[in-house]
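*Asks:* Below you will find the structure I want to go over with you.
The values are calculated or read from the model by the stated rules, or taken from the named source; none is laboratory data. Treat the numbers as computed from the prediction; the structure is a model and nothing was measured. Here the Cβ positions follow ideal geometry from the backbone for every residue, glycine too, while neighbour counts run over all protein chains shown. SASA here: full protein model, heavy atoms, side chains in, ligands and nucleic acids out. Shrake-Rupley method; radii C 1.70, N 1.55, O 1.52, S 1.80 Å.
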Amino acid sequence: MISQTFRTRFAPAALAVALLSTGMSAAAVQPAAAQPAEAAATFAAAGKKPGKPQQYLKFVKNKKNPSNSRLHLMMKGKKKAVASWRAGSGNGSTNACKPNAGWLPNGSYKIEFHQKDFNGSAIKGYVIKLQDKKCSNGTKRTELFIHSEMQKNGKQGPKKGKDSPWRWEGDHDYKSLACIKLKPAHIKSLFTKSSAKGWPKTLKVV
């Protein structure tokens with residue numbers, strides 16, 4: 001008399017031999033219990049898990065006072081800003097086609113890179129580099145950044161009794177040749193919040 005244990009061990013092997021003789025795979029007829037529904041559901045859910053919503057920057061111009069405009073950190077699909085800071089663009093001119101004076105042209109910009117220790121000739125420290133942009137008459141605006149006034153290491157330069165490009169000294173520092181400028185503490189806050197949820201890849205100017 002064949003024991004129950006022998007039957008249990010022999011049956012799967014016998015089935016495999018029989019299936020191989022017909023060209024079928026044993027895996028094709030494995031019972032559902034061999035792949036628990038819970039595991040399948042977990043796998044399916046993992047495969048369809050959505051990525052994090054993408055963040056982007058939005059600069060809203062203030063025609064009455066370009067130096068008191070707003071830069072918003074936005075989440076795609078959301079109307080409310082994640083954070084918002086005062087920012088300026090240009091030297092007060094609202095002519096977006098005037099190089100080294102007017103504010104940025106409207107439209108979408110690709111963010112090329114961001115860096116905490118940038119060492120340019122006129123801009124240092126925390127910067128976000130924007131792509132070049134043509135204004136309405138075809139004039140190309142170049143060397144566009146979001147930045148502040150600081151040294152390469154992010155600290156304030158020494159006070160020398162005059163306006164220094166490496167030291168934030170007051171509201172007049174919101175003015176620029178076209179770039180978007182923020183206070184040192186605000187651009188550092190922008191970096192912190194952007195790093196926490198994924199860096200923005202674009203800027204929208206309106």
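*Asks:* Given axes a ≥ b ≥ c from the Cα gyration tensor, I'd like to know whether the range 60-105 is rounded (a/c under 1.5), prolate (a/b larger than b/c) or oblate. Before the final figure, lay out each step's value.
*Replies:* Working: a/c = 3.14, a/b = 2.23, b/c = 1.41.
It is prolate, given that a/c is not under 1.5 and a/b is the larger ratio.
*Asks:* Which shape class applies to the range 75-148: rounded if a/c is under 1.5, otherwise prolate when a/b exceeds b/c and oblate if not, where a ≥ b ≥ c are the square roots of the Cα gyration tensor eigenvalues? Numbers along the way, then the final one.
*Replies:* Values: a/c = 1.62, a/b = 1.11, b/c = 1.46.
It comes out oblate by the Cα gyration axes.
*Asks:* Just subtract the alpha-carbon distance of residue 64 and residue 113 from 0.36 nm times their residue separation and send over the number in nm, one decimal.
*Replies:* Full-extension gain reported as 14.6 nm.
*Asks:* Suppose R0 equals 41 Å. What FRET efficiency, 1/(1 + (r/R0)^6) with r the Cβ-Cβ distance, do residue 204 and residue 172 give to the nearest 0.05? Provide the component values of the computation, followed by the final result.
*Replies:* Details: r = 27 Å, r/R0 = 0.65.
Result of the calculation: an efficiency of 0.95.
*Asks:* Give me the accessible area per residue for the range 75-206, probe 1.4 Å, as a whole number in Å².
*Replies:* On the way: 7060 Å² over 132 residues.
Each residue of the range 75-206 exposes 54 Å² on average to a 1.4 Å probe.
*Asks:* Ok, one more. Roughly how many Å² of residue 135 are accessible to a 1.4 Å probe, to the nearest 10?
*Replies:* Surface accessible to solvent at residue 135 totals approximately 10 Å².
*Asks:* Additional query: So which aspartates and glutamates can residue 124 reach, going by Cα to Cα under 15 Å and dropping same-chain residues fewer than 8 places off?
*Replies:* Answer for residue 124, where 15 Å is the Cα cut-off: 143, 149, 173, listed by chain and number.
*Asks:* A further question follows. List the lysines whose Cα lies under 22 Å from the Cα of residue 134, skipping any in the same chain that are fewer than 8 positions away.
*Replies:* By straight Cα distance, residue 134 reaches 58, 61, 63, 98, 110, 175, 181, 201, 204.
*Asks:* Shape of the range 134-206 from its Cα gyration tensor (a ≥ b ≥ c, root eigenvalues): rounded if a/c is under 1.5, otherwise prolate when a/b > b/c, or oblate?
*Replies:* oblate
*Asks:* OK, next. Modelled label-to-label distance, residue 79 and residue 98, 7 Å Cα→beta-carbon offset: nm?
*Replies:* Spacing of the two 7 Å Cα→Cβ label points: 3.6 nm.
*Asks:* Nothing charged except the Cβ atoms of Lys and Arg (+1) and of Asp and Glu (-1): what's the magnitude of the dipole of the range 136-206 about its Cα centre? Round to the nearest 20 debye. Intermediate values should be presented prior to the final figure.
*Replies:* Working: 16 positive and 6 negative charges, 47 e Å.
The dipole magnitude comes to about 220 debye.
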